[in-house]
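A quick write-up on the structure given underneath.
The values are calculated or read from the model by the stated rules, or taken from the named source; none is laboratory data. This structure is a prediction, so every number in the text was calculated from the model and none was measured. Here the Cβ is made from the backbone with ideal geometry for all residues, glycine too, and neighbour counts use every protein chain on show. Note: areas computed on protein heavy atoms with side chains; ligands, DNA, RNA excluded. Shrake-Rupley method; radii C 1.70, N 1.55, O 1.52, S 1.80 Å.
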Amino acid sequence: MAAQEHRDPAPKDPLLPQPLIVTGHLVTFDPPGTEIADGALYIDNGGIIKAVQRRADPPPPGFAGAAQVDTGGLVYPGLIDLHNHIAYNCLPLWIAPDHSAPWTSRDQWPRDPDYKPSISLPANALCQADAKAVLKYVETKAVLGGVTAIQGSAKVGPVFEGWMVRNVEDETFGTGKKTVNQSVLRLSSSAQYTAAKHDLDDGHAFVYHLCEGTDPKLIADYNGIRDHDVLAPKFLGIHSTALHAAQFTEWHTRGGSIVWSPFSNIWLYGATTDVLAARAAGMRICLGADWSPSGSKNLLGELKVADLYSRTQLGGALSPQDLCAMATCDPADALGWQDKLGRLRPGLHGDFVAVRARGEDACRTLIDSTEADVLLVAINGYPMYGTDGLMRAANAVTPEPIAVSPSLARTINLRDPRIPDADMSWPEIVQSLEVARTNPGAARTAAATREGGEDQLIGLRPDKPWDDPALNPRLLDGIAAVSIPELDTLTHDASYFARVARATIPGGKLDGLRGYYGG
């Protein structure tokens, strides 16, 4: 979950974080396009950026003896994934065996005969067996793609701030006050609309799955949101694929943002959001990777899908800078977090990702970077993942090796004695999930023993209404006999692209994606 804001200064304790100096080519997004070719990022021991400046300039006070990390690469704000469903992200890309034509609405594919045995039941079985291990695995998938904040963790309980990436719905930045609400469930009653409007009137952001699909009848969902005065500056409409210029123009007058997930839209519906019409209307556009059954493995992957779509379907209308803003400063602004995240700016939290230099334009570099190019990811200046040398230079508390793929080794920081639930190593996570795959009952017993009893287990439920056992208790009947597939791999690898190649995508809209990965 979110990197905690609890690390108060205590210089005599070597376990507590110390000030951090990160050098490299800084891509600040403050404003977009601002770069410092040989820069230094100063993050204090409370996780706040104190200065963003040239390396040669005098450091701010308080950084004598600070840890110094020379990335030798490009440093960006941490990526913010504004659309995901993390409870499903141990599962592979889904291909419905008896379905070849695109669906036209999100009401259709959950009824496919293969959906329940391939997605709903395995996701529930894993979450019931060992929710903590699932969380650790899927957050690792996110962070190794440069993600430092992710939406789609709403069905986690008990909620805690502290590990590994920021949970958008429950992140409070140490204040204890939530500022984001969400709904995957389509609003339909006056009470639901009123509750959503009340949240927005209170200054909260509201993240909502809007008009998902291509059926024109879906516009009724937008009309309901509009007519009940739910459109507002902090209303975020995920997908919005059934909307057209008229709706976007009208929506913009009320304020708000769109969250675009092109891979998942194309995979399920053969088409995606009319982002050019939305942009022409003045809408802010953000990116989300969606979920592993129909999306990218992380937001770094989704950047490539957006770039491919722009180049092949939109005549290159979206520049690299446009696309990278959709993953950094734009989502922060959409949530009302512009004073917290999304830029490298003094006063903001020290979330960043460093990647290898490629001899390209800075935004082109981020888009073209793969998991192998990620050098360091930190939240509040706290090193989470990266090369062994950079992790140790950044004073990682308990660095341990992780085999990201057969050819890619990195170091990760999964355990921290100061943080509740940061207590599983990578081998323990994988072993727990493999036990869950073969014997969910035994895995749950082992997890309860490890955590000190059933009442101490972390809870995690799929957040799609048709898969939530709190809404559909019969889903758990006979769950011990469910066939659970092998864990989804961490990177966009050959097995991923083999599945992509098996699908029939109208218009070849995903052709060329493998080329970003050297294939």
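Considering only residues of the range 282-318 that are among the small types (Gly, Ala, Ser), touching a His at 6+ places or on another chain (Cβ under 6 Å) and in contact (Cβ under 8 Å) with a residue 40 or more places away in the chain, which is nearest to Arg499 (Cα to Cα)?
Residue satisfying both the conditions and the ranking: Gly301.
Check off (1) out of contact with any helix residue (DSSP H, G or I) (no Cβ under 7 Å at 6 or more places or on another chain); (2) of a type outside the set (S, T, N, Q); (3) in a helix (DSSP H, G or I) for Ala470 and give me the number that stays unchecked.
(3)
Kindly establish whether Arg364 is at pLDDT 95 or above, part of a strand (DSSP E or B), open to solvent by 10 Å² or more (accessible area, probe 1.4 Å) and closer than 19 Å to Gly301 by Cβ.
no
Among the residues in the range 488-497, are any β-branched (Val, Ile, Thr) and open to solvent by 60 Å² or more (accessible area, probe 1.4 Å)?
No, the range 488-497 contains no residue that is β-branched (Val, Ile, Thr) and open to solvent by 60 Å² or more (accessible area, probe 1.4 Å).
Anything in the range 418-457 that is farther than 10 Å from Lys136 by Cβ and aliphatic (A, V, I, L, M)? List them, or say none.
Of everything in the range 418-457, those that are farther than 10 Å from Lys136 by Cβ and aliphatic (A, V, I, L, M) turn out to be Ile419, Val435, Ala436, Ala442, Ala443, Ala446, Ala447, Ala448, Leu457.
Filter the range 144-156 down to the residues that are surrounded by 24 or more Cβ atoms within 10 Å (Cβ to Cβ) and within 20 Å of Trp337 (Cα to Cα) and list them by number.
Correct list: Gly146, Val147, Thr148, Ala149, Ile150, Gln151, Gly152, Ser153.
Only one residue in Gly270, Gly282, Gly315 is under 21 Å from Tyr115 (Cβ atoms) and either over 14 Å from the mean Cα position of the chain (by Cα) or at pLDDT below 95 (or both), so which one is that?
Result: Gly270 is the single residue among Gly270, Gly282, Gly315 that is under 21 Å from Tyr115 (Cβ atoms) and either over 14 Å from the mean Cα position of the chain (by Cα) or at pLDDT below 95 (or both).
Restrict the check to the range 96-116 and report whether at least one residue is aliphatic (A, V, I, L, M) and crowded, with 21+ Cβ neighbours inside 10 Å.
no
Please go through the range 406-438 and give me each residue that is hydroxyl-bearing (Ser, Thr, Tyr) and open to solvent by less than 30 Å² (accessible area, probe 1.4 Å), ordered by number.
Matches in the range 406-438: Thr411, Ser425, Ser432.
Taking Arg345, is it in a loop (DSSP other than H, G, I, E, B), in contact (Cβ under 8 Å) with a residue 24 or more places away in the chain, out of contact with any Phe, Trp or Tyr (no Cβ under 8 Å at 6 or more places or on another chain) and open to solvent by 10 Å² or more (accessible area, probe 1.4 Å)?
Against the criterion (in a loop (DSSP other than H, G, I, E, B), in contact (Cβ under 8 Å) with a residue 24 or more places away in the chain, out of contact with any Phe, Trp or Tyr (no Cβ under 8 Å at 6 or more places or on another chain) and open to solvent by 10 Å² or more (accessible area, probe 1.4 Å)), Arg345 qualifies.
Hey, does the range 370-381 have a residue that's under 16 Å from Gly24 (Cα atoms), touching a Leu at 6+ places or on another chain (Cβ under 8 Å) and not hydrophobic (A, V, I, L, M, F, W, C)?
yes
Is one or more of the residues making up the range 269-282 closer than 22 Å to Pro77 by Cβ and basic (Lys, Arg)?
yes
Looking only at helices (runs of 4 or more DSSP H) that fall completely inside the range 274-341, which ones have 1 or more residues that are open to solvent by 10 Å² or more (accessible area, probe 1.4 Å), basic (Lys, Arg) and in contact with an Asp or Glu (Cβ under 9 Å, 6 or more places away or on another chain)?
Those helices (runs of 4 or more DSSP H) span 275-280.
Against the condition closer than 29 Å to Leu126 by Cα and in a helix (DSSP H, G or I), how does Ala442 come out, does it pass?
yes
For the range 1-35, which positions are among the polar types (S, T, N, Q), touching a strand residue (DSSP E or B) at 6+ places or on another chain (Cβ under 8 Å) and modelled with pLDDT under 95?
Gln18
Run down Ala436, Ala403 and say which single residue is free of Cβ contacts under 8 Å to residues at least 12 places away in the same chain, within 23 Å of Asp488 (Cβ to Cβ) and not hydroxyl-bearing (Ser, Thr, Tyr).
When all the criteria are applied, what remains is Ala403.
What's the total number of residues in the range 239-255 that are open to solvent by 10 Å² or more (accessible area, probe 1.4 Å), under 25 Å from the mean Cα position of the chain (by Cα) and among the small types (Gly, Ala, Ser)?
1
Can you name the condition, by its number, that Gly359 falls short on among (1) assigned to a loop (DSSP other than H, G, I, E, B); (2) at pLDDT 95 or above; (3) farther than 30 Å from His99 by Cα; (4) not charged (D, E, K, R)?
In the conditions (1) assigned to a loop (DSSP other than H, G, I, E, B); (2) at pLDDT 95 or above; (3) farther than 30 Å from His99 by Cα; (4) not charged (D, E, K, R), Gly359 misses (2) alone.
Taking Arg444 as the residue in question, decide whether it is more than 21 Å from the chain's Cα centre (by Cα) and in contact (Cβ under 8 Å) with a residue 40 or more places away in the chain.
Spelling it out, Arg444 is indeed more than 21 Å from the chain's Cα centre (by Cα) and in contact (Cβ under 8 Å) with a residue 40 or more places away in the chain.
I'd like to know if the range 156-167 contains one or more residues that are modelled with pLDDT of 95 or more, in contact with a helix residue (DSSP H, G or I) (Cβ under 6 Å, 6 or more places away or on another chain), within 20 Å of Gly288 (Cβ to Cβ) and among the aliphatic types (A, V, I, L, M).
So far as the range 156-167 goes, no, none of its residues is modelled with pLDDT of 95 or more, in contact with a helix residue (DSSP H, G or I) (Cβ under 6 Å, 6 or more places away or on another chain), within 20 Å of Gly288 (Cβ to Cβ) and among the aliphatic types (A, V, I, L, M).
(1) within 30 Å of Asp30 (Cβ to Cβ); (2) polar (S, T, N, Q); (3) under 23 Å from the mean Cα position of the chain (by Cα): which one isn't true of Thr71, the others all being true?
(3)
For the range 379-397, indicate whether the set of residues that are without any contact (Cβ under 8 Å) to a residue 12 or more places away in the chain, over 21 Å from Leu303 (Cα atoms) and assigned to a strand (DSSP E or B) is non-empty.
no
Which of (1) more than 16 Å from the chain's Cα centre (by Cα); (2) in a helix (DSSP H, G or I); (3) surrounded by 22 or more Cβ atoms within 10 Å (Cβ to Cβ) is the odd one out, the single condition Leu375 does not satisfy?
Status for Leu375: all satisfied but (2).
Restricting attention to the range 45-64, which residues are over 14 Å from Asp351 (Cβ atoms) and of a type outside the set (A, V, I, L, M, F, W, C)?
Scanning the range 45-64 gives Asn45, Lys50, Gln53, Arg54, Arg55, Asp57, Pro58, Pro59, Pro60, Pro61, Gly62.
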